[in-house]
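See structure below.
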Amino acid sequence: MASSPVETLRPDLPQAAPRPPEAAVTAAGKVPPPPTADTAAPEAPPRLGAFRSGRGDDRLTDLLAYAMAVEAHEAAAAKGEAAAPLAAPEAAERWRDRATRELHDHAFRLLHNRVEEIRAEAVAEHLGRHPRPPGLAMLVLANLLALGLAAVAAAWLHGNPQVLARILAAFGS
């Protein structure tokens, strides 16, 4: 079987086996016989009603607990293991507790990531309000201009010694 990019990127995750359709045709072109007592289908998954807590605020937790229980049931059935009874109230409560933990962890990660996005947007907006600082070329040109102005002022003072003498007298040298 050729590997897909998803398999190579996430090799730690189990890959779902492709299921043949209900009326699968064998290699000889015949429809397989219906299951017998020794090849009977595994126990049916529980009904959703067994996982409802009756509280309106817990609807999402109940649905997630049911989905996680059915997923575990199908995984056990695929391995050929006997699945634990899922309709028991204690089992449903354990699945609800696990679903609550999973939802809290997911909400925390989602909130943390959203806070990071908001911070990044705020920093980008703040930096967008300020002009860009001058580049290296602009700083070099500004220094050359300042040196040129200083040279012109020194040349002018060299040509006017009386002004230079008054400046030096004013500073007490």
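Every read-out reported here was derived from the displayed coordinates using simple, explicitly stated rules and does not represent laboratory data. It should be emphasised that the depicted structure is a prediction, and the values quoted were computed from it without experimental measurement. With ideal geometry, Cβ positions are generated from the backbone for all residues, glycine too; neighbour counts draw on all protein chains shown.
In this structure, Trp156 and His126 have a Cβ-Cβ separation that, at R0 = 35 Å, corresponds to a calculated FRET efficiency of about 0.20.
Of the listed peptides 60-71, 89-100, what is their order by residue-averaged count of other C-beta atoms within 10 Å, with the highest listed first? List each step's numbers first, then the result.
On the way: 60-71: 18.6, 89-100: 16.0.
Packing proxy ranking, top to bottom: 60-71, 89-100.
Judged by the ratio a/c of the largest to the smallest principal axis of the C-alpha gyration tensor, the stretch 107-173 counts as prolate, that ratio being 1.5 or greater while a/b is larger than b/c.
Which FRET efficiency, nearest 0.05, do Asp97 and Ala77 yield, Cβ-Cβ r, R0 22 Å? Provide the component values of the computation, followed by the final result.
Values: r = 23 Å, r/R0 = 1.06.
Between Asp97 and Ala77 the formula returns 0.40.
Given Cβ point charges of +1 (Lys, Arg) and -1 (Asp, Glu) and nothing else, what value in debye, to the nearest 20, does the dipole of the stretch 53-173 about its Cα centre take? Could you put the intermediate results ahead of the total?
On the way: 13 positive and 15 negative charges, 204 e Å.
Charge dipole of the stretch 53-173: 980 debye, to the nearest 20.
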